[in-house]
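So the structure is just underneath, and the comments pick up after that.
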Amino acid sequence: MSGVTFEKVSRTFAGRPVLNDVSFSIASEEALCIMGRSGTGKSVTLKLMVGLLKPDTGSIRIHDRDIVNLDEDGLSQTRRLMGFLFQSGALFSPFSLNDNLALPLQRFTKKSKQEIDALVQTQLDEVGLGNDRYKMPAELSGGMRKRAGLARALILQPSILLADEPTSGLDGVTAGEIDDLLLKLKEKGTTTMVIVTHDICGVRRVGDRLAVLDQRRIIALGKVRGTSSYRLPDTFRLMRRCRRLSNRYLHMW
């Protein structure tokens with residue numbers, strides 16, 4: 001069963017095409033990384049997956065269910081299958097870390113307070129924040145906010161994780177720690193992951209396949225280790241322009 005499928009999806013904003021006739025499929029439990037320059041539609045692709053935007057044409061299926069024409073109730077049910085890790089972590093600033101994670105459980109489940117407390121503690125332990133449960137978002141470092149955002153994205157045990165630039169703005173060591181968490185999640189074999197990133201090291205560690213977006217379309221799609229798929233001249237030039245792809249790593253491609 002496919003986790004996510006795009007079929008001939010197009011989307012414009014104010015008459016300007018952003019995605020044009022884009023098609024791809026992500027298998028359940030697969031990790032697909034998406035790269036591309038700023039403004040090429042990477043974040044739009046994630047928003048289409050979660051139903052925050054609708055395509056102008058084409059179909060989008062989540063676990064083989066077309067979400068394009070779902071009503072709000074249908075979309076709400078589908079979104080509960082997905083966790084979304086935002087670039088900034090997107091924590092609610094008036095709430096403690098504990099309350100940020102407890103809120104989805106309180107809203108979407110019938111679990112008792114004791115069950116919620118236990119689940120929050122377990123999830124925070126998983127990302128190394130077990131001792132920071134009652135801190136406020138303003139007290140967290142950038143890396144801690146990313147880990148907290150990941151913990152909240154996973155608190156409902158989604159079958160699909162959408163991650164928008166999970167390592168952006170982090171130093172190399174902290175970015176590696178976030179990749180470790182994503183790799184640990186992948187190794188459990190229960191979650192489909194879609195990761196928008198500019199970090200080629202993270203792609204090679206976590207990704208099964210890589211899609212490259214440019215000129216409103218996917219110009220390359222294949223296994224991360226299958227380097228021959230990425231020797232197209234347009235793809236190679238694009239990879240050189242990705243802001244976090246330094247010359248140090250170009251020989252890998």
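The values are calculated or read from the model by the stated rules, or taken from the named source; none is laboratory data. As the structure is a computational prediction, the values presented were derived from the model and not from experiment. All Cβ positions, glycine included, derive from the backbone under ideal geometry; neighbour counts span all protein chains shown.
Results, tabulated for the structure shown:
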{"item": "Unmet criterion (only one of (1) touching a residue at least 12 places away in the same chain (Cβ under 8 Å); (2) out of contact with any helix residue (DSSP H, G or I) (no Cβ under 6 Å at 6 or more places or on another chain)) for Gln77", "result": "(1)"}
{"item": "Extreme residue, modelled with the lowest pLDDT, among residues of the range 194-242 that are assigned to a loop (DSSP other than H, G, I, E, B) and among the acidic types (Asp, Glu)", "result": "Asp199"}
{"item": "Matching residues, the range 162-176, being at negative phi and either buried (at least 21 other Cβ atoms within 10 Å of the Cβ) or touching a residue at least 40 places away in the same chain (Cβ under 8 Å) (or both)", "result": "Leu162, Ala163, Asp164, Pro166, Thr167, Ser168, Ala175"}
{"item": "Residue that is surrounded by the most Cβ atoms within 10 Å (Cβ to Cβ) [pool: residues in the range 1-53 that are among the charged types (D, E, K, R) and without any contact (Cβ under 8 Å) to a residue 40 or more places away in the chain]", "result": "Lys47"}
{"item": "Complete set of residues in the range 34-68 that are in a helix (DSSP H, G or I) and in contact with a Pro (Cβ under 8 Å, 6 or more places away or on another chain)", "result": "Leu48"}
{"item": "Filter pass, Met35 being touching a His at 6+ places or on another chain (Cβ under 8 Å) and among the hydrophobic types (A, V, I, L, M, F, W, C)", "result": "yes"}
{"item": "Qualifying helices (runs of 4 or more DSSP H) (wholly inside the range 83-159; at least 3 residues being of a type in the set (A, V, I, L, M), closer than 20 Å to Val194 by Cβ and in contact with a strand residue (DSSP E or B) (Cβ under 6 Å, 6 or more places away or on another chain))", "result": "142-154"}
{"item": "Residue check for Gly83: touching a residue at least 24 places away in the same chain (Cβ under 8 Å) and either touching a helix residue (DSSP H, G or I) at 6+ places or on another chain (Cβ under 8 Å) or more than 30 Å from Ser28 (Cα to Cα) (or both)", "result": "yes"}
{"item": "Within the range 26-42, tally of residues that are of a type in the set (Ser, Thr, Tyr) and modelled with pLDDT under 90", "result": "2"}
